[in-house]
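The values are calculated or read from the model by the stated rules, or taken from the named source; none is laboratory data. Predicted model only: the values in this text are computed from it and were never measured. Quick reminder, even Gly has a Cβ in these numbers, built from the backbone with ideal geometry, and neighbours come from all protein chains shown. These accessible areas exclude ligands, DNA and RNA; they are computed on the full protein's heavy atoms, side chains included. Shrake-Rupley method; radii C 1.70, N 1.55, O 1.52, S 1.80 Å.
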Amino acid sequence: MLDLLVTNATLPDGRTGMSVAVQSGKIVDVTPGLSAPAAETVDASGHLLTPPFCDVHFHMDTTLTYGQPRVNESGTLLEGIQIWAELKPTLTVDDYMERGMKYCDMAIAKGVLAIRSHVDTSDARLLAVQALLEVKKRVAPYIDLQLVAFPQDGVLRSPGGLDNLKRALDMGVDVVGGIPHFERTMSEGAASVKLLCEIAAERAKMVDMHCDESDDPMSRHIETLAFEAQRLGLQGRVTGSHCTSMHSMDNYYVSKLIPLIAQSGVAVIANPLVNIHLQGRHDTYPKRRGMTRVPELMAAGVLVAFGHDDVQDPWYPLGSGDMLEVAHMGLHVAQMTGVKGIHACFDAVTKNAAQVMRLDGYGIAKGCEASFVLLEAQGVVDAIRVRANRLKVWRSGKCLAECGAVTPRTVHP
Ligand code: FE2
């Protein structure tokens, strides 16, 4: 007998009337109209059953600190970094853990079962690292939490930055991060990219760097990152996060850059909610949108995913962990409002993000982990349109969260 059978589900690829059979935490069959004895049968009533949302770029150490010690009134990246530097010395391991666990509860309720979180390694005490490694352990049955060693104050610019980052990796942090555009000069930024990629190669780690998070059309760190990924044979393991400067770059230069990124197997992460509000702050009018060139990167075959980046912290006052909100903003900013474009933005918060994180057993197919989310929507477009309720959230066949249907059925495609 099956443990769980979900019937009459619509899948993200458009298949309808699908049954998903679960045994021992795994999907054992995905087929139309299957009926079989099961300990629990759930009629999806035609609603969308999707693999879990993955937030591939987040800051769990800073989340839920909004207003402490003050609010970011300029709305700039740099004021955010300054506020965080003021708050950091006052925080404890318990405080980091409490907020981290609280956020994970919020994420699960929104169907987010994988998060890649940067963790600031600039403070020599590494309290945030200690705390988030413990959170990772505690939430492991529910959430794949991947941690990135993130030298917020610059790995070369801040005293002890390199040593702190290496110690974080020694403690078990999964991915090597960086922030080349915050190093003192462009050349020091490039040197940090080279150095950090070499550390990742030595330790067989993935790389995910905040890269060119500015409106500076001359910022060139994604180029260096792509070059180093290729030079060190790190293809498929390197990600450039933000890359907002690409929005402002010269078109001729970008015509050379995007193929270079594609050849190097570097993935790109945009963070639509945060990019649209942090960037362009030095402009009068017209104001730049400040998100990287998502459709152009996708068209060139670059793996592109979307992250939430921040929720209620020095950089972003809003957010609820809802990746449908992220996709919603992303498709507006990138003007990806055709059916293909909307589906691509849904992929950016689901399967593309899972691919960046190199998650095993992700998807709704035979042999995959029985982790999925039932949305109160009839399809992908509808799900993003209404930021659909998460009717049920399953992890390895076990229901973690549920809510009742509250909106009337629609006929929107
Ligand atoms: Fe970030």
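ARG395 satisfies every condition listed in (1) open to solvent by 20 Å² or more (accessible area, probe 1.4 Å); (2) under 20 Å from the mean Cα position of the chain (by Cα); (3) closer than 20 Å to ALA305 by Cβ except (3). Pull up the range 239-248, narrow it to residues that are out of contact with any helix residue (DSSP H, G or I) (no Cβ under 7 Å at 6 or more places or on another chain) and outside any strand (DSSP E or B), then point me to the one that is nearest to the ligand (Cβ to nearest atom). So the residue we want is SER245. Residues in the range 282-302 that are within 16 Å of the ligand (Cβ to nearest atom) and modelled with pLDDT under 95: GLY290 alone. Exactly one residue out of ASP29, ASP13, ASP3 is without any contact (Cβ under 8 Å) to a residue 12 or more places away in the chain and more than 16 Å from the ligand (Cβ to nearest atom), and it is ASP13.
Selection of the range 232-253 for residues being under 20 Å from GLY307 (Cβ atoms) and either open to solvent by 30 Å² or more (accessible area, probe 1.4 Å) or charged (D, E, K, R) (or both) yields GLY236, ARG237, HIS247. GLY161 meets all of the listed conditions (1) within 16 Å of the ligand (Cβ to nearest atom); (2) more than 20 Å from the chain's Cα centre (by Cα) but one, namely (1).
Looking at the range 310-413, the helices (runs of 4 or more DSSP H) lying wholly inside it that each contain 2 or more residues that are of a type in the set (Gly, Ala, Ser) sit at 323-333, 339-348, 351-356. When ALA190, ALA200, ALA124, ALA226 are screened for being closer than 30 Å to PRO52 by Cα and either open to solvent by 10 Å² or more (accessible area, probe 1.4 Å) or in contact (Cβ under 8 Å) with a residue 40 or more places away in the chain (or both), only ALA226 passes. Does LEU234 fit the bill of being assigned to a helix (DSSP H, G or I) and away from the ligand (no atom under 16 Å from the Cβ)? Judged against the criteria, LEU234 is not a match.
The sole residue among LYS256, LYS166 that is in contact with a helix residue (DSSP H, G or I) (Cβ under 8 Å, 6 or more places away or on another chain) and farther than 25 Å from HIS308 by Cα is LYS166. Would you confirm, using the coordinates I've provided, whether ASP163 is assigned to a helix (DSSP H, G or I) and over 23 Å from CYS211 (Cα atoms)? No: the conditions fail for ASP163. The numbered conditions (1) open to solvent by 30 Å² or more (accessible area, probe 1.4 Å); (2) free of Cβ contacts under 8 Å to residues at least 40 places away in the same chain are all true for GLU183 except (1). Yes or no: SER219 within 16 Å of the ligand (Cβ to nearest atom), over 20 Å from VAL173 (Cα atoms), more than 20 Å from the chain's Cα centre (by Cα) and modelled with pLDDT of 95 or more? For SER219, the condition - within 16 Å of the ligand (Cβ to nearest atom), over 20 Å from VAL173 (Cα atoms), more than 20 Å from the chain's Cα centre (by Cα) and modelled with pLDDT of 95 or more - is met. Mind checking which residues of the range 303-325 are more than 15 Å from the ligand (Cβ to nearest atom), of a type in the set (D, E, K, R) and either open to solvent by less than 20 Å² (accessible area, probe 1.4 Å) or in contact with a strand residue (DSSP E or B) (Cβ under 9 Å, 6 or more places away or on another chain) (or both)? Residue satisfying the conditions is ASP322 alone.
Once the range 88-120 is narrowed to residues that are within 16 Å of the ligand (Cβ to nearest atom) and over 20 Å from LEU400 (Cβ atoms), the residue that is surrounded by the fewest Cβ atoms within 10 Å (Cβ to Cβ) is LYS88. Being assigned to a helix (DSSP H, G or I), closer than 24 Å to GLY397 by Cβ, under 20 Å from the mean Cα position of the chain (by Cα) and not charged (D, E, K, R) is a property that holds for VAL135.
Hey, does the range 333-343 have a residue that's within 16 Å of the ligand (Cβ to nearest atom), out of contact with any Leu (no Cβ under 8 Å at 6 or more places or on another chain), at pLDDT 95 or above and among the polar types (S, T, N, Q)? No - not one qualifying residue is present in the range 333-343.
Scanning the range 67-80 for residues that are closer than 28 Å to ASP283 by Cβ and either more than 20 Å from the chain's Cα centre (by Cα) or away from the ligand (no atom under 16 Å from the Cβ) (or both) yields GLY67, ARG70, VAL71, ASN72, GLU73, SER74, GLY75, THR76, LEU78, GLU79. Being in contact with an Asp or Glu (Cβ under 6 Å, 6 or more places away or on another chain), within 16 Å of the ligand (Cβ to nearest atom) and assigned to a loop (DSSP other than H, G, I, E, B): is that true of SER214 here? So SER214 fails the test.
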